[in-house]
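All remarks here apply to the structure that follows.
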Amino acid sequence: MVAPSLQAGAQGRSESVPVSRPPLRYRLASLGLALPLAGYTLLRTARDGGPDYLRGRYGFSGARTRNAVWIHCASVGEVAAAVPLLRELDAHGIGPLLVSTATPTGQHRARAQAPAGATVVYLPVDRPGPVRRFLAGTRPRVALILETELWPHLFGALEDRAIPIVLVNGRLSPRTLEAPDWWRQTAAWCLQRVTRVLARSETDADRFRQLGVEPDRLEVVGNLKFAAPGGAPIAAIAPGSPFVLAASTHDDEELQLARAWANAGSSGHLLVIAPRHPERGADIASALSAEGFDVRRRSQGEPAGPPGSIYLADTLGELTGLIAGADVVIMGGSLIPRGGQNVLEPARAGRAIVTGPHMYNFADETERLEAAGALLRRADATEVIAAAAGLLNTPNEARRMGEAARALMEREADMAERYRHALLKAVPALSG
C-alpha cells in the first residue's frame, strides 16, 4: 500500500488508533528494547542532551506548528546536507519549515544554520506514544526524510494521517540488503508507505528497487551533499602550519594514525585530530599520552605543540574551519568498518583528501572524487599517513588535487534547486 495523496485527507481516521501497524517482529523488538532505549536516552540527557533532549525524544517538544514542511535530519551530516535545501525552500516561500534531528550535535547545528523562523525539534523515539504526541503537536503537511531513516511506527502514523513521505537524497547501503530477512521485510514495509524516493545515485536507486520500490515512485536526482551551502565563507582555523587534519575519527583510529605518524617521522608537521564525537576527548588524550605522544587539547584552551606533536581538536562547531586551514585532510571512519564520513566538506574547501579503505557509506562521493583525481584511498593507517606526508612534501600536487575537488563541487552546486523542482513534482501541494 502506497501512502495516500495529500488531498485524500484523513477523514474518519482516529488519531489514537493505529491502522498501519508495523510488522509483528518489529513491534516485538521495539517493545523489548523500550527499557534499554529509555536508559540510553537518560544517559544521553545527562551527558550532552539536557532536558530538551529528554522531552523531545518522548514527544513532548512543546512545538506547536501547523501545515509545516517537515525535514528530518538524523545528525550533523544530514543537517549539513539539508541546509542548502532548507534555504532553497525558504527563499521560494515554501514553508513554514520544521526541522528535526535525533542527536544533540545535530540539534546544535540545525539551530545554528536553519533559516530564520524554522522550528527545530528532536525526533521522537520510534514508539507509538511519542510518535503520536509529536505529530499531534507539529501536524506537518509533508515529511521529507533525509537519506534512509526508516522508522516503522512513525511511517505508519504518517500514513494513517495521510501525510506524504518523501525520501530526499535517498541512499541504501549494501548492508541493508544483506540484513536479516525480518529487517529487510520491515524496511520494505516502510518503503511501501513512501510517496516518492528521490535517490542520490543509480546505484542507490537499484537497491531501492530490490526492496520493492516501483519505478513510478523512484527518481534519481543526484547527491544533495554536493549543493553549495551558501552563507559567508568559513574562516580557516590553523592551530599550527602546515598540518594534516584527521577529521571525524572514531575509536581506535586515533591510535592507528598516531602510531603511523610517529613511525613516518613526520617531525616537521603537526597532526590535528578532530574526533567525530568530541566528548571522547579525555579518553583519546589519555590513550595517546599513555603511549608517549605529546598531546594538547583544544577544548582545554591549550595551544598546539611543536611540529611532530598531536593537537586534539575535541570541540564542537570548528571542524569546517579546521578543514579550511588544513593542508591535507584524512577522513575518519574509513580505517575501521564504519563506512567513512563526509568527504565533500574538504572537497568544497579545495583540500586534498586521503581515506582508508572503508568508505561504503560515501561510496558515490568517494568514487567521483577519485575519478576526478581529488582523493587518494589507501589500505591502512600506515599507507594513509604516507600518502598525506607525501602531499605535504609536494604542495603543488596537493593544490592540484584540491582544485580538482573544488571544480567537481562547483559543477554540482545547483543540487538544491534540482531537489526543489523534484519535490514540487512529487508533492504539488508542497508550495501551497
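Here are some notes:
- Pair list, Cβ under 8 Å, 6 or more apart: segment 381-400 residue closer than 19 Å to G340 by Cα, other residue among the aliphatic types (A, V, I, L, M) and in a loop (DSSP other than H, G, I, E, B): A381/L335; V384/L335
- Of all residues assigned to segment 152-169, none qualifies as being without any contact (Cβ under 8 Å) to a residue 40 or more places away in the chain, surrounded by fewer than 23 Cβ atoms within 10 Å (Cβ to Cβ) and either farther than 24 Å from R217 by Cα or in the same structural domain as A74 (by TED's automatic domain parsing) (or both).
- Boolean, R338 is assigned to a helix (DSSP H, G or I) and of a type in the set (K, R): no
- Members of segment 261-277 that are more than 20 Å from S241 (Cβ to Cβ) and at pLDDT 95 or above: P275
- Hits in segment 262-288 - residues which are under 24 Å from the mean Cα position of the chain (by Cα), aliphatic (A, V, I, L, M) and under 23 Å from L391 (Cα atoms): V272, I273, A274
- For A274, the test of being closer than 19 Å to R109 by Cβ and in a strand (DSSP E or B) is passed.
- Qualifying residues in segment 170-189 (those that are aliphatic (A, V, I, L, M) and in a loop (DSSP other than H, G, I, E, B)) - the one surrounded by the most Cβ atoms within 10 Å (Cβ to Cβ): L172
- The set of residues from segment 349-369 being among the acidic types (D, E) and either buried (at least 16 other Cβ atoms within 10 Å of the Cβ) or touching a residue at least 24 places away in the same chain (Cβ under 8 Å) (or both) comprises D364, E365.
- Any helices (runs of 4 or more DSSP H) falling wholly within segment 354-432 and containing at least 1 residues that are within 24 Å of P242 (Cβ to Cβ) and among the β-branched types (V, I, T): 381-393
- Answer from E254, E291, E302 - the residue that is of a type in the set (D, E), closer than 27 Å to P395 by Cβ and either more than 20 Å from the chain's Cα centre (by Cα) or modelled with pLDDT under 95 (or both): E254
- Residues of segment 199-234 satisfying the condition of being among the hydrophobic types (A, V, I, L, M, F, W, C) and at pLDDT below 90: A228, A232, I234
- Scanning segment 22-72 for residues that are outside any helix (DSSP H, G or I) and in contact with a Ser or Thr (Cβ under 9 Å, 6 or more places away or on another chain) returns P22, P23, Y58, S61, A63, R64, T65, R66, A68, W70, I71, H72.
- Within segment 325-333, one or more residues are surrounded by fewer than 24 Cβ atoms within 10 Å (Cβ to Cβ) and more than 19 Å from the chain's Cα centre (by Cα).
- Residues located in segment 47-70, provided they are under 23 Å from L316 (Cα atoms) and either crowded, with 19+ Cβ neighbours inside 10 Å or touching a Lys or Arg at 6+ places or on another chain (Cβ under 6 Å) (or both): G49, Y53, G56, R57
- Output for segment 247-271, where each listed residue is assigned to a helix (DSSP H, G or I) and surrounded by fewer than 19 Cβ atoms within 10 Å (Cβ to Cβ): L255, R259, A262, N263, A264
- Options L98, L144: the member that is part of a strand (DSSP E or B), touching a Ser or Thr at 6+ places or on another chain (Cβ under 6 Å) and among the hydrophobic types (A, V, I, L, M, F, W, C): L98
- Assessment of segment 293-310 against the conditions (closer than 28 Å to H358 by Cα and of a type in the set (D, E)) yields no matching residue.
The values are calculated or read from the model by the stated rules, or taken from the named source; none is laboratory data. Computed from a predicted structure; not experimentally measured. A quick note on method: Cβ atoms are made from the backbone with ideal geometry, for glycine too, and the neighbour counts reach across all protein chains shown.
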